[in-house]
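The values are calculated or read from the model by the stated rules, or taken from the named source; none is laboratory data. Keep in mind it's a predicted model, so treat the numbers as computed, not measured. Positions of Cβ are generated from backbone atoms using ideal geometry, with glycine treated the same way; all protein chains shown enter the neighbour counts.
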Amino acid sequence: MLKKIEAIIREDKVNDVREALKQVGILGMNIFEIRGRGRQGGIVLSGRSGSYVVDMLPKMQLNIVLSEHNLDATIQAIVKAAKTGDDGEAGDGLIFVLPVEEVVRIRTGERGHDAVMYPGDIDERSGRGKAKRE
Ligand SMILES: Nc1ncnc2c1ncn2[C@@H]1O[C@H](COP(=O)(O)OP(=O)(O)OP(=O)(O)O)[C@@H](O)[C@H]1O
Ligand SMILES: [Mg+2]
């Protein structure tokens, strides 16, 4: 089974999270600059003309398509690296997990699990990788 992680994190945690993902062997991903709001609905800023709410705050989104058996390790790595301090703070982000129907590597025609494996990745390290490197 293939899954997709959409992790919404703080901008200043991107490097820590990317490093943590590299450590566990998660290599393929997308990253986006986004704006969003959560439970608190932004922050209140005070200016000369009064105070106003900045509703949609800048965040970063990491999208990762991966095999289900790698989900727990990957989520743990993201949570640990994206959390503020030991207890976390409001605005630290959210991780969404979605099912993925199919992946096709265009060059080789590989599908599914094979299409999301990379030399030196989490699968190769755990013995699930393919012996042959392409
Ligand atoms: N229901 C949602 N659907 C999609 N994106 C969301 C949703 N809720 C929050 N987000 C995105 O996640 C970002 C971070 O949200 P945030 O960390 O503030 O979550 P929260 O639910 O308010 O939890 P906390 O109380 O820890 O702040 C938001 O800026 C927004 O981009
Ligand atoms: Mg919030």
What do you reckon, is Glu101 of a type outside the set (S, T, N, Q), more than 16 Å from ligand 1 (Cβ to nearest atom) and either modelled with pLDDT of 95 or more or closer than 22 Å to Ile9 by Cβ (or both)? yes
Taking the residues in segment 88-118 that are exposed (fewer than 12 other Cβ atoms within 10 Å of the Cβ) and within 20 Å of the chain's Cα centre (by Cα) as candidates, determine which candidate is farthest from ligand 2 (Cβ to nearest atom). Glu102
Out of all the residues in segment 24-61, which are among the aromatic types (Phe, Trp, Tyr) and at pLDDT 90 or above? Phe32
Of Ile64, Ile34, which residue is surrounded by fewer than 16 Cβ atoms within 10 Å (Cβ to Cβ) and β-branched (Val, Ile, Thr)? Ile34
Pick out the one residue from Asp72, Asp114, Asp123, Asp87 that is within 16 Å of ligand 1 (Cβ to nearest atom) and of a type outside the set (Val, Ile, Thr). Asp87
